[in-house]
1. Using alpha carbon centroids, what distance separates the stretch 6-72 and the stretch 179-207, in Å?
2. Sum up the charges of everything whose Cβ sits under 11 Å from the Cβ of K238, counting Lys and Arg as +1 and Asp and Glu as -1, but leave K238 out.
3. For q = 0.26 Å⁻¹, what log10 I(q)/I(0) does the stretch 173-235 give under the Debye formula with an equal point scatterer on each alpha carbon and no solvent?
4. What's the percent breakdown of Cα-Cα distances in the stretch 122-166 across 10 Å bins, shortest bin first?
5. Within the stretch 15-35, whose backbone N sits under 13 Å from a point 7 Å along Cα→Cβ of M98?
6. Excluding P19 itself, what net charge comes from residues whose Cβ is under 13 Å from its Cβ, given Lys and Arg +1 and Asp and Glu -1?
7. If you take all C-alpha pairs in the stretch 107-261, what percent of them are over 20 Å apart?
8. Convex hull over the Cα atoms of the stretch 1-132, averaged projected area in nm²?
Amino acid sequence: MAQDNDRIKKIISKIDDLPTLPIVVTQLMELVDNPMSTARDINNVIKTDQSLTAKTLKLVNSAYYGFPRSIATVTDAVVILGFNTVRSLALSATVCKMFSGKTESFDRGELWEHSIAVAFASRIIAKKVKYQEEEEAFVVGLLHDIAKIVEDQYFHDDFVKAIEESKSKKIDLTVAEKEYIGMDHSLIGRRVADKWSLPSKVTKVIGYHHQPQFAGVGEDKVLASIVHVADVVVKIRKIGNSGNYGPLSINKAAVETLKISKKDLADTVQKLVVEMKKAADFLKIVQE
């Protein structure tokens with residue numbers, strides 16, 4: 001027991017040492033959550049970051065949106081794209097940098113592909129089940145496996161052992177993580193989200209995306225169910241690699257919560273393939 005406690009304390013200390021999100025991303029998230037914010041407020045934050053300014057203008061003028069005229073100002077871009085899309089762009093660009101790197105045993109690029117696909121799938125499912133905050137679903141889908149970067153960075157050898165055990169024994173990665181690291185990526189993810197001062201709903205969903213029935217009630221449970229189903233859909237399509245080689249199954253409680261049918265799931269898979277192709281501009285801009 002003492003050894004387990006020591007391992008957990010080590011994990012927490014490493015998370016405490018994590019850098020915070022860039023100030024521009026933090027400010028954007030606060031502004032988006034504030035109903036009194038204006039496009040000018042968002043512009044004033046974005047213009048402090050040259051890279052994000054360029055990405056915002058490139059995105060609004062890309063084929064993905066297909067506007068007939070050129071958009072020259074960030075304020076106009078924010079009005080057209082919407083506050084949530086700008087937040088998603090900023091967060092995606094930040095997270096993408098964290099996913100760079102590859103070792104013999106683990107490819108963060110493949111995890112990035114998995115995570116961005118889950119983000120798009122979450123938005124598709126959110127729209128299908130009429131969950132109003134579609135971009136919120138995108139954000140949580142993007143961040144659901146963020147703890148795996150922490151595990152790879154600070155507990156690399158044990159993390160690789162966990163992945164190898166998941167692969168060789170076909171067991172869920174969370175089981176192997178608990179054995180080798182002492183805590184699974186869902187719980188570590190909650191602590192990372194707390195460290196970054198993300199909204200409580202986002203933090204909770206990251207922590208329960210494998211067990212959405214425990215995410216609470218109302219919107220929290222719905223959002224956790226959306227991300228859970230999106231995660232499974234992406235694994236079925238084999239987009240990227242999350243490092244989890246356990247059996248694929250959709251949580252029954254999530255299906256009941258969303259009232260989603262097999263046809264709905266099939267439609268989601270088809271739409272995801274189309275959306276990922278359409279989103280090539282978005283992904284290219286994010287990765288620049």
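1. For the stretch 6-72 versus the stretch 179-207, the Cα centre distance is 20 Å.
2. Details: positive: K235, R237; negative: E110, E113.
Neighbourhood net charge equals 0.
3. For the stretch 173-235, the Cα-only Debye profile gives -1.08.
4. Answer for the stretch 122-166: a P(r) of 27, 30, 21, 21, 1 percent.
5. So the set is 15-23, 25-26.
6. Numbers: positive: K14, K97, K195; negative: D16, D17.
Overall, the nearby charge balance is +1.
7. On the way: 5187 of 11935 pairs.
Beyond 20 Å sits 43 percent of the P(r) for the stretch 107-261.
8. Details: hull surface 48.0 nm².
Orientation-averaged projected area of the Cα hull: 12.0 nm².
Coordinate-derived values only; no laboratory data. Small disclaimer: the values here were computed from a predicted structure and weren't measured. Because the Cβ atoms are built from the backbone with ideal geometry, glycine has one as well, and the counts that use them run over all protein chains shown.
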